[in-house]
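What follows is a set of notes on a single structure, which appears directly below.
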Amino acid sequence: MARGRVAKNRAAKDLAAEHGAAADRVAADRVAADRVAADRVAADRVASGRVASGRAASGRAAAPKGGAAASQGGTVSPGPAAGGVLVVPVRVRPGAVNTRVGGGYQGRYGPAVVVAVNAPAVDGRATEMALRAVAAALGLRAADVTLRAGRTSRDKLFEVADPPADLAARIRALLDS
């Protein structure tokens, strides 16, 4: 999202250089509109329970990488969300020698289960293999686990609809292993 905003702002500045003060106002309006849109998205996430807090709650933008998101409170912990859905943050490590599920990583969405897969990160192959590995490690069918966010990122959110009662405990065990 940030890259798109930067590109828009750069284009607006180029326009301003060509057309003077009127274009400066257009550039400022675009920047303001981008901030308002980002605040709305953050507020929607907080309202829907997808994150504990975020830009709308703290007035600061959530960090895009590493443990900084957790320090700002933008985490998603494994647990039931609205509608009987359990969200599982995952960190995928493609190109491993063996497929392995276990261990913790402080990722973009908070504490994440580490999934090492031997598939390369090409055409979604690592994501598909990670989804199957997580399902197997949790004792679920692969069809019960869906990708919610992070299609092309190493940090992903998997979603389990109608999870068993002890699934959150199974996830915590994987985080601790």
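The values are calculated or read from the model by the stated rules, or taken from the named source; none is laboratory data. Because the structure is a prediction, the values reported are computed rather than measured. Every residue, glycine among them, receives a Cβ derived from its backbone with ideal geometry; neighbour counts consider all protein chains shown. We work out accessible area using only protein heavy atoms, side chains counted, and drop any ligands, DNA or RNA first. Shrake-Rupley method; radii C 1.70, N 1.55, O 1.52, S 1.80 Å.
Among the residues of the range 162-177, those identified as farther than 11 Å from residue 138 by Cβ and not in a helix (DSSP H, G or I) are 162, 165, 177.
Test of understanding: among 134, 92, 87, which residue is in contact with an Asp or Glu (Cβ under 6 Å, 6 or more places away or on another chain), in contact (Cβ under 8 Å) with a residue 24 or more places away in the chain and among the hydrophobic types (A, V, I, L, M, F, W, C)?
Values: 134 fails: in contact with an Asp or Glu (Cβ under 6 Å, 6 or more places away or on another chain); 92 fails: in contact with an Asp or Glu (Cβ under 6 Å, 6 or more places away or on another chain).
That would be 87, the only listed residue that is in contact with an Asp or Glu (Cβ under 6 Å, 6 or more places away or on another chain), in contact (Cβ under 8 Å) with a residue 24 or more places away in the chain and among the hydrophobic types (A, V, I, L, M, F, W, C).
Among the residues of the range 125-144, are any among the polar types (S, T, N, Q) and in contact with a helix residue (DSSP H, G or I) (Cβ under 9 Å, 6 or more places away or on another chain)? No, the range 125-144 contains no residue that is among the polar types (S, T, N, Q) and in contact with a helix residue (DSSP H, G or I) (Cβ under 9 Å, 6 or more places away or on another chain). Quick check on my filter: what residues within the range 104-125 are under 15 Å from residue 149 (Cβ atoms) and in a loop (DSSP other than H, G, I, E, B)? 108, 109, 124 - these are the residues of the range 104-125 that are under 15 Å from residue 149 (Cβ atoms) and in a loop (DSSP other than H, G, I, E, B).
Only residues that are open to solvent by 50 Å² or more (accessible area, probe 1.4 Å) and touching a residue at least 40 places away in the same chain (Cβ under 8 Å) were counted across the range 105-129, and they come to 3.
Being open to solvent by 20 Å² or more (accessible area, probe 1.4 Å) and part of a helix (DSSP H, G or I): is that true of residue 132 here? Steps first, answer last, please.
Values: open to solvent by 20 Å² or more (accessible area, probe 1.4 Å): yes; part of a helix (DSSP H, G or I): yes.
When the stated conditions are applied, residue 132 passes them.
When residues in the range 76-98 are screened for being over 22 Å from residue 151 (Cβ atoms) and at pLDDT 90 or above, 2 of them pass. Within the range 150-176, being open to solvent by less than 80 Å² (accessible area, probe 1.4 Å) and closer than 16 Å to residue 93 by Cα holds for 150, 153, 155, 156, 157, 158, 174, 175.
Take the conditions part of a strand (DSSP E or B), within 17 Å of the chain's Cα centre (by Cα), modelled with pLDDT of 90 or more and surrounded by 17 or more Cβ atoms within 10 Å (Cβ to Cβ) and apply them to residue 101. Does it pass? Taking the combined requirement at face value, the residue does not satisfy it.
Return yes when residue 159 is closer than 19 Å to residue 102 by Cα, in a strand (DSSP E or B) and not hydroxyl-bearing (Ser, Thr, Tyr) and no when it is not.
Numbers: closer than 19 Å to residue 102 by Cα: yes; in a strand (DSSP E or B): yes; not hydroxyl-bearing (Ser, Thr, Tyr): yes.
Here the answer is yes, as residue 159 does meet what is asked.
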